[in-house]
Amino acid sequence: MKHRTIKALALAAVVTAAGLPGISAAHDFKVGSLELKHPWSAKAPPVAPVLGGYLTIVNTGSEPDRLVGGSTPVAERLELHESSLVDGVARMRPARGGIEIPAGESLNLQPGGAHIMLVNPKQRPAEGEKFTATLQFEKAGQVEVEFVVQAKASTPVPAEDHTAHSKP
């Protein structure tokens, strides 16, 4: 049993070092003191006016930073949104000043909470496909990340009101 565990760990180290997909499937990015963990988007229906972008941002620094915007070739524009639950219905509004990542803490951008909104998609990547986006941080600057399109979150979240995102 011990020998098998050592072999598995050795194989994992080789795969990770080689940068090959497989055992280490996570895709993380770093800019300044920020670590961006597993950017993903759910597969969108063909007529959806928006796509959501989600990830976890870990601030390993001693100063807060702020996600202030970004861009992507797959949508007309990238917006940052905050959500709140009012009478059992999730309400969204743009995060006008960006979204703060406190020093030494993590920010989870997730369905039903703060998230990235890709408005008026030009493309609709299929499940398993990837697309790029450039995220802009107040202090750390810009970083290009790759979002993986995957099945929706496994836990149910309240329906969000997206009526404000109709095409012009």
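Observations on the structure shown:
- Within the range 78-108, the set of residues being under 17 Å from Val145 (Cβ atoms) and not small (Gly, Ala, Ser) comprises Leu78, Glu79, Leu80, Ile99, Ile101, Leu107, Asn108.
- Per-region count, the range 59-78, residues open to solvent by less than 40 Å² (accessible area, probe 1.4 Å) and part of a strand (DSSP E or B): 7
- Annotation: Thr56 fulfils all but one of (1) open to solvent by less than 60 Å² (accessible area, probe 1.4 Å); (2) at pLDDT below 95; the unmet one is (2).
- Tally, over the range 115-154, of residues that are closer than 14 Å to Trp40 by Cβ, open to solvent by 80 Å² or more (accessible area, probe 1.4 Å) and outside any strand (DSSP E or B): 4
- Residue count, the range 80-105 (criterion: part of a strand (DSSP E or B) and either open to solvent by 40 Å² or more (accessible area, probe 1.4 Å) or at positive phi (or both)): 9
- Filtering the range 69-99 to residues that are farther than 15 Å from His115 by Cβ, of a type in the set (A, V, I, L, M) and in contact (Cβ under 8 Å) with a residue 24 or more places away in the chain leaves Val74, Val89.
- Residue count for the range 130-168, restricted to those that are modelled with pLDDT of 95 or more and either closer than 22 Å to Val58 by Cβ or not aliphatic (A, V, I, L, M) (or both): 19
The values are calculated or read from the model by the stated rules, or taken from the named source; none is laboratory data. Model, not experiment: these values are computed from the prediction. Please note: Cβ atoms are built from the backbone with ideal geometry, for glycine as well, and neighbour counts cover all protein chains shown. Surface areas here come from the heavy atoms of the whole protein model, side chains and all, with no ligands, DNA or RNA. Shrake-Rupley method; radii C 1.70, N 1.55, O 1.52, S 1.80 Å.
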